[in-house]
Every structure is written in structure tokens, then in C-alpha cells.
Amino acid sequence: MKKILVTGASGVIGTSIIKNLLKRNSDYYIQALANHDEESFSTLDKNKFTFINGDCRDYSLVDSLVSNSNAVIHLAAPSSFLMYKEKPIESTIDTIQIFLNIMESMRKHKVKKIIHASTSAVYEGNKFPYKETMFISPPELKSLSKKMNEDIGKIYSSSSGITAVAMRPMSVYGDDESKKGGYANVISLFVWAMVSGKIPIVWGNGNQTRDFIHAEDAAEMFCLALEKDVYTQSFNVGTGIETSFNEIIDIINSLRKTNIKPKYVPVPIDIYARRLLSDNTLVEKVLGFKPKITIQEGIKRVIKEFESKHIKDKKLADKQEFFKTLLPQEKHSQSKTD
């Protein structure tokens, strides 16, 4: 039986990866490490799965789990760029320290493969679509710390023979991101607001685009990278299709037969991506990946999940305004009056 350690296991990508692995191979045994449990874990086969409630910053815990693993899928880190705005020192140090804990444990116990989450933000400043071969010079702390992890992975690859595959997600969303609150993908934030009858708040003019990919498609890419015989390198995690924020709102309105207009506000942060688009040539060639869930189907699933589980949670509808708590008071006041 092949034992896989999954860190950050309770997030939308982590839960999707675990379910994917257990469906695709009866020989997998999953050790899921996270700092909070996930309701859906209770339905998994306890003969093939165990959940460990713990912190990846705890080296002794990480070391004990890695020592009993054949490979690692590493997702644990602050997930939103807003977290790095809110707590820049803590978030940056945590991202790098956690990765070093894992890599050093892998070296010690001769575990030879890790698939780890980087970020597409490392490409900022490059031309579109983003290609894995591009020179990267990260402009902010989240992407810088993720690039450092990619470089650390290369060092351990050269010195210890560990295959360290960095996955660079574009804009990942899932059916239920309620636990992420204000850090959730903009698709979830818009759905929660609009289904609750509230006006969605859009930074800028709404023409900014993202390469949105559903968590289940993203999970498939991580699993393919785990199973394929690849060397230490980076892969984009996207669909190769870009969709604007205005188009997302139009899709939600169309699916729900409403006509809710957004409120446009000035972009409240200095560094903000206007476009995000993956070149999927490499992942199609090497991993054989093609996305299955269209943006329309994905949004329909987010709506269904919210309506069935969280429609009475009025607080979720206001999570789109969470960013205001991170702004200087003068900017906060301006964004409320524009």
C-alpha cells in the first residue's frame, strides 16, 4: 500500500485530492494533516484514510508523518494574498518554514517525491498566456515566498534526489468555500451575495479576467503529477480560458434568472492582477490533462451548494466586504462612498 501525506487537507483542493486519490487507486492510504477537520472526511473509508489535527509548523509532527509516507502532496500555507497583506511577516515565514520542515524530513527519511502548491502570482509582469518557462520575478510576499519554496525544492532535488514538482494554480474555486469566509474565491463571494439578494462588489470595472479552475480539475492535475514519471519542474494549474468578473456576474444572473447589477469600487490594493491566463501546452503534453468542469457548470454547483447548506447564513453574503477590514481608515471610508 502506498502511503500519501496530504497537508492542508481540509481546503477545497485538499479534500478534492483525497477523494480523487481514493477513487483512482485502491492501494493508496491517505494521511490527511490539517488544523481543522472537514465534515466530508467522516464518509471516507477508515481503512484507507486517517485525519491528523495538527500544525505543519510542528517539525516533530511533520517528521513522524513523513517517516511513514511514500510521497507528499503539500498544500498547507496561507491561501489568499489578503493574508499576506494582513500578516506579512507571519504568513511569509510560515510558508517557507513549513516547506523546509517537510523537505528536511523527506531528506532524512528518504521520501523521494513531493507535489507542492506554488502560485500563478509568480508570473506577474509577464506577457499572456503564462508559460512555465518564463522568467519570474515575484512582486509581493506571497509569490516571493512560493518562488523561494520552488527554489528550495530544486536544492533538495539536486542534493538529495527528491522530485519536487511545483504546481502553479491560477484561480481555484470550489463548491463550498464557506470555511474560507472573506478569503474565498470571487466566484463564491459573488454567489453568496447575489443568491442572498445583495449587490456584488467588484474592484475596478469588472473587465479584469481570471483563469478559473474548479477544485476537482485542479485536484486531477495534482494527482496526475503524483503518478506520472516527471522530473523536478513546475506546472500551471488552469484551463487556458479566461473569464471576466462581469461575465461571472452575468452567468450567475442567467442561472438564477435575476438582473442584479454590481457595484464598482476602486481597486483597494497596489499590486493587483488585471488578467490571469494559463498556457496549458505543457500540462496537456506531459500530464495529459484537460479540464472537465466548465465555468457555467462550476458556478451552478456553487449556487446549489450555497442554497442547500448555507442560505440561512446571512454573514456569508457580507464576506465580499472583508477586504475593507485590511485597509487604512481613509481608504475604507472612500470605498464606502464611491
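The values are calculated or read from the model by the stated rules, or taken from the named source; none is laboratory data. Since the structure is predicted, the reported quantities are computational estimates derived from the model, not experimental observations. In this analysis, Cβ positions are derived from the backbone assuming ideal geometry, glycine residues included, and neighbour counts consider all displayed protein chains.
Residues in the stretch 152-176 that are over 25 Å from Asp211 (Cβ atoms), touching a residue at least 12 places away in the same chain (Cβ under 8 Å) and β-branched (Val, Ile, Thr) were compared, and the one that is surrounded by the most Cβ atoms within 10 Å (Cβ to Cβ) is Ile162.
Which of (1) of a type outside the set (D, E, K, R); (2) farther than 27 Å from Ile201 by Cβ; (3) touching a helix residue (DSSP H, G or I) at 6+ places or on another chain (Cβ under 9 Å) is the odd one out, the single condition Leu282 does not satisfy? Every listed condition holds for Leu282 apart from (3). State all residues of the stretch 184-209 that are surrounded by 19 or more Cβ atoms within 10 Å (Cβ to Cβ) and either without any contact (Cβ under 8 Å) to a residue 12 or more places away in the chain or not β-branched (Val, Ile, Thr) (or both); if no residue qualifies, say none. Once the filter is applied, which keeps residues that are surrounded by 19 or more Cβ atoms within 10 Å (Cβ to Cβ) and either without any contact (Cβ under 8 Å) to a residue 12 or more places away in the chain or not β-branched (Val, Ile, Thr) (or both), the stretch 184-209 yields Ala184, Asn185, Ser188, Leu189, Phe190, Trp192, Ala193, Met194, Pro200, Gln208. Would a scan of the stretch 274-297 turn up a residue that is in a loop (DSSP other than H, G, I, E, B), modelled with pLDDT under 95 and either crowded, with 17+ Cβ neighbours inside 10 Å or among the aromatic types (Phe, Trp, Tyr) (or both)? No, the conditions are met nowhere in the stretch 274-297. Of the strands (runs of 3 or more DSSP E) lying entirely inside the stretch 13-86, those containing at least 3 residues that are touching a residue at least 60 places away in the same chain (Cβ under 8 Å) are 71-74.
Taking every residue in the stretch 112-125 that is farther than 19 Å from Met221 by Cα and in the same structural domain as Ile162 (by TED's automatic domain parsing) and pairing it with any residue that is at pLDDT below 95 and among the charged types (D, E, K, R), at least 6 positions away or on another chain, the pairs with Cβ-Cβ distances below 9 Å are Glu124/Glu140. Check off (1) touching an Asp or Glu at 6+ places or on another chain (Cβ under 7 Å); (2) modelled with pLDDT under 95 for Phe51 and give me the number that stays unchecked. Phe51 satisfies every listed condition except (2). Just one of the numbered conditions (1) closer than 28 Å to Ser196 by Cβ; (2) among the hydrophobic types (A, V, I, L, M, F, W, C); (3) touching a Pro at 6+ places or on another chain (Cβ under 7 Å) is not true of Val237: (1). Looking across the stretch 110-128 at every residue that is of a type in the set (Ser, Thr, Tyr) and assigned to a loop (DSSP other than H, G, I, E, B), the one that is nearest to Asp151 (Cα to Cα) is identified as Ser118. Criterion applied to Asp63, Asp37, Asp94, Asp45 was being at pLDDT 95 or above, surrounded by fewer than 22 Cβ atoms within 10 Å (Cβ to Cβ), out of contact with any Cys (no Cβ under 9 Å at 6 or more places or on another chain) and among the acidic types (Asp, Glu), and the one residue passing it is Asp63.
Residues that are assigned to a strand (DSSP E or B), buried (at least 24 other Cβ atoms within 10 Å of the Cβ) and either among the acidic types (Asp, Glu) or in contact with a strand residue (DSSP E or B) (Cβ under 6 Å, 6 or more places away or on another chain) (or both) within the stretch 213-240 comprise Ile213, Phe235, Asn236, Val237, listed in sequence order.
Going by what's in this entry, would Ile260 be described as assigned to a helix (DSSP H, G or I) and of a type outside the set (S, T, N, Q)? It is false that Ile260 is assigned to a helix (DSSP H, G or I) and of a type outside the set (S, T, N, Q).
Could you tell me whether the stretch 248-266 includes any residue that is within 30 Å of Cys223 (Cβ to Cβ) and touching a His at 6+ places or on another chain (Cβ under 9 Å)? No, the stretch 248-266 contains no residue that is within 30 Å of Cys223 (Cβ to Cβ) and touching a His at 6+ places or on another chain (Cβ under 9 Å). Here Ser254 fulfils each of the conditions (1) without any contact (Cβ under 8 Å) to a residue 40 or more places away in the chain; (2) among the small types (Gly, Ala, Ser); (3) within 29 Å of Gly288 (Cβ to Cβ) apart from (3).
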